[in-house]
1. Determine whether Ala296 is more than 24 Å from Gly70 (Cα to Cα) and in a helix (DSSP H, G or I).
2. Criterion first (touching an Asp or Glu at 6+ places or on another chain (Cβ under 6 Å), surrounded by fewer than 19 Cβ atoms within 10 Å (Cβ to Cβ) and either in the same structural domain as Glu336 (by the TED database) or more than 25 Å from Thr144 (Cβ to Cβ) (or both)) does Arg188 satisfy it?
3. Report the residue count in segment 130-155 for those that are free of Cβ contacts under 8 Å to residues at least 12 places away in the same chain and open to solvent by less than 20 Å² (accessible area, probe 1.4 Å).
4. Within segment 29-40, identify whether any single residue is in the same structural domain as Ser198 (by the TED database) and on the phi > 0 side of the Ramachandran plot, and answer yes or no.
5. Return a yes/no flag: does segment 282-304 have any residue that is within 14 Å of Arg232 (Cβ to Cβ), crowded, with 17+ Cβ neighbours inside 10 Å, charged (D, E, K, R) and under 23 Å from the mean Cα position of the chain (by Cα).
6. Considering segment 306-360 alone, what residues qualify as being open to solvent by less than 50 Å² (accessible area, probe 1.4 Å), touching a residue at least 40 places away in the same chain (Cβ under 8 Å) and assigned to a helix (DSSP H, G or I)?
7. Is it fair to say Lys134 is part of a helix (DSSP H, G or I) and more than 19 Å from Leu17 (Cα to Cα)?
8. Just give me the residues in segment 116-129 being among the hydrophobic types (A, V, I, L, M, F, W, C) and either more than 22 Å from Arg298 (Cα to Cα) or open to solvent by 40 Å² or more (accessible area, probe 1.4 Å) (or both), in sequence order.
Amino acid sequence: MSFDIETIVVGAGVVGLACARALAQSGREVMIIERHDAIGTETSSRNSEVIHAGIYYPKGSLKAALCVSGKQTLYQYCAERGINHRNTGKLIVATHDDQIDALRQIEKHANGNGVTDLVWRTAVEIGKREPALKCVAALESPSTGIIDSHGLMVSLLGDAEIAGATLALNTDVISGRNENGLHVLQTRDVAGEEMEISCKELIIASGLHSQTLAHNLTGLPAQAVPPQHYARGIYFTLGGKSPFSTLIYPAPEQAGLGIHLTLDLGGQARFGPDVEWVDAPDYTVNESRRAMFADAIRRYYPDLDETALQPGYAGIRPKIQSKGEAARDFMISGPESHGIDGLVSLYGIESPGLTASMAIGDYVCAKLNPSLATKAAS
């Protein structure tokens, strides 16, 4: 059967763009379909922009494997392409003696993931480098950094387009069906005009909307689609000069990494994200949470002036577990799991999705060539 486009990627966030790049560079004819009027307007532009080391994720998980390999690829790619980034490092801090054992467990876990460069720092050492930081000990992660996520996405798109990919903005994929071995998609543009387009391979990389589209694909078993939950995280920025020169992380929480301090590439400090489970994406920054932020921050930054905390922005984590459940791994579902040839669906691609994006792109490409899948995740 003939098709309109060989491969369609739905979603032009950082992960969708990385997938499109890898697929186009493999020789495929690729179209990227994006519901908004610009690339990366949701999860990809509403995060901490941190290049993660791969410390916390379960050993053997996709999050661990793709973060560690993706981090290395990302640093190299940024250096080659001149994408703004900085290898800031980060400190994981114990604010009292009872947390030191937790840091030991973090170090052990990181080693199991292949992150073997963590360094113990004493309170005296930290005091010389970061005098505003209160802690009794810290683990330093020298391979953590920050990145211009928009610059990365522009570069990924450019690579994909050079390899022949096209981008269709303001186009929503509302449903689809599998027909004679092809994926036939129903789309709607910003003017409300609908049309059908067919492809041999379909990649669902729609972030917060992946499950919605998957449920609207006739023939995809409902049990192959995980539940969708949303965890909002808000950020407060700190007025004035940052009191810190590196990233500061407290001990992790169940659904996130606590109220940590990161820096943007201009040097401004921002705190967050917190975790607030919501029923639907909502980017409201609730200023009443300032006091809660201040209490958490003062555990490691006791001199914080609460009035210096200014409302920043909010992001939504696309969760596939509900509140109170254990964190789940990335779910990258290919033909081997749902039985539909040429379909790869990505669910729950939250942190470290940005760091892992290029490795995810290679992994998805390999999903369509099963003999390569093991190599892509190694």
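1. On the way: more than 24 Å from Gly70 (Cα to Cα): yes; in a helix (DSSP H, G or I): yes.
Yes: the conditions hold for Ala296.
2. Details: touching an Asp or Glu at 6+ places or on another chain (Cβ under 6 Å): yes; surrounded by fewer than 19 Cβ atoms within 10 Å (Cβ to Cβ): yes; either in the same structural domain as Glu336 (by the TED database) or more than 25 Å from Thr144 (Cβ to Cβ) (or both): yes.
So Arg188 fits the description; yes.
3. If we filter segment 130-155 for residues that are free of Cβ contacts under 8 Å to residues at least 12 places away in the same chain, which is where we start, we get 131.
After this cut, where a residue has to be open to solvent by less than 20 Å² (accessible area, probe 1.4 Å) as well, the list is none.
Qualifying residue count for the region: 0.
4. Within segment 29-40, the subset in the same structural domain as Ser198 (by the TED database) is 29-40.
From the residues that got through so far, the ones that are on the phi > 0 side of the Ramachandran plot too are 40.
Yes.
5. Within segment 282-304 (the criterion being within 14 Å of Arg232 (Cβ to Cβ), crowded, with 17+ Cβ neighbours inside 10 Å, charged (D, E, K, R) and under 23 Å from the mean Cα position of the chain (by Cα)), the answer is no, since none of the residues qualifies.
6. Within segment 306-360, Ala308, His338, Gly353, Leu354, Thr355, Ala356, Ser357, Met358, Ala359, Ile360 qualify.
7. Details: part of a helix (DSSP H, G or I): no; more than 19 Å from Leu17 (Cα to Cα): yes.
So Lys134 does not fit the description; no.
8. Narrowing segment 116-129 to residues among the hydrophobic types (A, V, I, L, M, F, W, C): 118-120, 123-124, 126.
Leu118, Val119, Trp120, Ala123, Val124, listed by residue number.
The values are calculated or read from the model by the stated rules, or taken from the named source; none is laboratory data. What you are looking at is a predicted structure, and each value in this text was computed from that prediction instead of being measured. Glycine gets a Cβ as well: all are built from the backbone with ideal geometry, and neighbour counts include every protein chain shown. Calculation scope for accessible area: heavy atoms of the full protein, side chains included, ligands and nucleic acids excluded. Shrake-Rupley method; radii C 1.70, N 1.55, O 1.52, S 1.80 Å.
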